[in-house]
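*Asks:* Encoded as structure tokens, here's the structure I'll be asking about.
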Amino acid sequence: MDALSLRQRCRENALDLAVQRLARRLLAPAALMKREMNSQDINDAKTGFSSRRLGGSKLCVFTRENRGQSMRSTMRPIHLRPMSSLGALRPASVETPASGDDHAEATYRRRSASMHAPRPLRLGGALAAVPALCLTFASPASAAVPGYERVINNSAHDSVFTKSVTVTCPAGKKVLGTGARVYNRDNNPGFASVVLDDIRPNATLTSLTVTGYEDAAGTSGNWEVWAIANCADPIPGLERVQAVSASDSLLTKTVVATCPSGKMVVGSGGEITNGLGRVMIDDLRPDSLLSSVTVTGYEDALGTTNNWTVTAYAICADPLPGLQRVDAFSAANSIGSKWVVVDCPTNTVLLNSGAEITSGLGFVGLNEVGPPNMLFMGTLTTALEMMSGTTNSWTVDAYAICATP
């Protein structure tokens with residue numbers, strides 16, 4: 001859909017005040033949105049235009065009647081405040097399975113009975129009611145990231161042992177960066193038995209596929225996976241570079257995808273092939289110079305005799321204004337679950353989300369790597385101990401790639 005049609009559709013489906021407030025409650029967690037809407041906000045919503053802009057920013061919400069089918073034409077404008085006005089999230093820790101022995105099962109049951117759902121998962125929970133979303137910035141002709149738009153799609157919510165979902169950029173736009181999440185609406189701790197297997201941008205950078213697998217212990221609980229793509233009009237030099245490890249049954253493998261000379265990383269992805277839930281992505285790390293992406297895979301505590309590979313994807317482009325990597329790190333301890341948030345600097349947009357687990361060694365898996373909601377220009381990373389856990393002191397790190405819009 002072109003920008004003119006988008007604006008027209010937004011205006012044609014403007015919210016009245018009651019729906020505006022309802023949508024705001026669904027999409028903006030109380031921890032982030034602290035101020036009440038004023039009359040100007042309401043007027044912005046009804047007219048489809050924002051008087052206070054971050055590059056003329058506007059949020060449009062798409063809803064679908066049936067999951068997995070094409071989007072209906074319900075699209076409503078909501079005023080988006082500049083991110084500098086939002087309260088910054090702070091890093092915190094919260095308090096597990098393929099299990100092949102009684103000890104692992106018993107340990108898992110003890111953890112499951114006592115573990116509360118990590119707070120970050122509840123932050124994003126309201127979005128489950130609107131399974132397809134877009135966040136669009138109306139950029140000037142000279143913008144460095146023209147037509148920036150965030151799109152999200154999610155799989156079915158059930159107990160099938162593996163799920164995959166693909167989100168596609170609007171026509172003419174390309175994937176600049178990625179995000180992924182394993183999500184459980186029912187706060188059933190069994191979803192900690194699910195590992196992220198693929199976060200794969202396709203070769204033409206028009207779509208992103210995310211796959212999750214239950215580990216050997218599995219879960220009877222319902223869960224889903226989310227694919228989060230930050231899209232934009234094609235930027236100069238945009239291309240996907242990939243590197244694939246050897247195919248064997250070694251415990252761990254690391255591979256690095258490096259951008260061509262003169263280009264820099266704007267996005268990343270990783271993929272495990274033939275791990276089938278017994279291998280997890282441990283690192284999805286853009287380097288500090290934004291020249292390469294490192295992806296590491298670890299077999300879980302029970303391991304596998306399968307030959308498997310790990311693939312690293314680097315989305316590269318000519319250098320962008322304000323392009324930078326920002327990061328944040330959790331505490332180093334043996335708590336069973338940790339999360340950390342890093343936000344982009346003021347007046348920049350989030351291009352990509354990355355993560356790294358240190359000293360997890362196959363006992364800790366990534367659960368989510370991406371923005372916690374449609375409004376936040378930053379990354380939330382959550383990691384959970386799997387199987388029988390570990391006594392290691394481990395950390396989870398969050399990486400955000402940001403640029404001037």
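The values are calculated or read from the model by the stated rules, or taken from the named source; none is laboratory data. As the structure is a prediction and not an experimental result, all values here were calculated from the model. Because the Cβ atoms are built from the backbone with ideal geometry, glycine has one as well, and the counts that use them run over all protein chains shown. When the accessible area is computed, the model is the full protein with side chains, heavy atoms only, and any ligands, DNA or RNA have been set aside. Shrake-Rupley method; radii C 1.70, N 1.55, O 1.52, S 1.80 Å.
*Asks:* Can you name the condition, by its number, that ALA128 falls short on among (1) farther than 25 Å from THR273 by Cα; (2) modelled with pLDDT of 65 or more; (3) surrounded by fewer than 17 Cβ atoms within 10 Å (Cβ to Cβ)?
*Replies:* (2) is the only condition that ALA128 fails.
*Asks:* Give me the pairs, please: first residue somewhere in segment 187-209 and at pLDDT 95 or above, second residue anywhere and open to solvent by less than 20 Å² (accessible area, probe 1.4 Å) and assigned to a loop (DSSP other than H, G, I, E, B), beta-carbon distance under 9 Å, and either six or more positions apart or on two chains.
*Replies:* Within 9 Å, the pairs are ASP197/GLY275; ASP197/GLY277; LEU205/CYS169; THR206/CYS169; SER207/CYS169; LEU208/CYS169.
*Asks:* Let me ask you something else. Within segment 262-297, which residues are of a type in the set (Gly, Ala, Ser) and closer than 21 Å to GLU368 by Cβ?
*Replies:* Scanning segment 262-297 gives GLY267, SER268, GLY269, GLY270, GLY275, GLY277, GLY297.
*Asks:* To continue, here is another question. Pick from VAL160, VAL182, VAL165, VAL151: which is surrounded by fewer than 24 Cβ atoms within 10 Å (Cβ to Cβ), on the phi < 0 side of the Ramachandran plot and in a strand (DSSP E or B)?
*Replies:* VAL165
*Asks:* Still on this model: Would you tally the residues in segment 323-344 being closer than 23 Å to ASP287 by Cβ, open to solvent by less than 50 Å² (accessible area, probe 1.4 Å) and assigned to a loop (DSSP other than H, G, I, E, B)?
*Replies:* Total meeting the criteria: 3.
*Asks:* When you look at ALA317, is it buried (at least 21 other Cβ atoms within 10 Å of the Cβ), farther than 26 Å from ASN154 by Cα and at pLDDT 95 or above, yes or no?
*Replies:* Yes, satisfied.
*Asks:* Filter segment 349-375 down to residues that are buried (at least 24 other Cβ atoms within 10 Å of the Cβ), within 30 Å of GLY147 (Cβ to Cβ) and not aliphatic (A, V, I, L, M), then give me how many there are.
*Replies:* Residues meeting the conditions: 7.
*Asks:* Among (1) open to solvent by 50 Å² or more (accessible area, probe 1.4 Å); (2) modelled with pLDDT of 95 or more; (3) within 15 Å of the chain's Cα centre (by Cα), there is one condition ARG122 misses while meeting the rest; what is its number?
*Replies:* With respect to (1) open to solvent by 50 Å² or more (accessible area, probe 1.4 Å); (2) modelled with pLDDT of 95 or more; (3) within 15 Å of the chain's Cα centre (by Cα), ARG122 is out only on (2).
*Asks:* Enumerate the strands (runs of 3 or more DSSP E) found wholly within segment 191-267, keeping only those where 2 or more residues are in contact with a Leu (Cβ under 7 Å, 6 or more places away or on another chain), over 26 Å from VAL145 (Cα atoms) and acidic (Asp, Glu).
*Replies:* Of the strands (runs of 3 or more DSSP E) lying wholly inside segment 191-267, none has at least 2 residues that are in contact with a Leu (Cβ under 7 Å, 6 or more places away or on another chain), over 26 Å from VAL145 (Cα atoms) and acidic (Asp, Glu).
*Asks:* Still on this structure: Give me a count of the residues in segment 253-262 that are under 24 Å from the mean Cα position of the chain (by Cα) and either among the polar types (S, T, N, Q) or within 18 Å of LEU351 (Cβ to Cβ) (or both).
*Replies:* So the count comes out to 4.
*Asks:* Taking the residues in segment 210-245 that are under 21 Å from the mean Cα position of the chain (by Cα) and closer than 15 Å to MET386 by Cβ as candidates, determine which candidate is modelled with the lowest pLDDT.
*Replies:* ASP215
*Asks:* Residues that are surrounded by 17 or more Cβ atoms within 10 Å (Cβ to Cβ) and within 18 Å of the chain's Cα centre (by Cα): does segment 301-308 have at least one?
*Replies:* No, segment 301-308 contains no residue that is surrounded by 17 or more Cβ atoms within 10 Å (Cβ to Cβ) and within 18 Å of the chain's Cα centre (by Cα).
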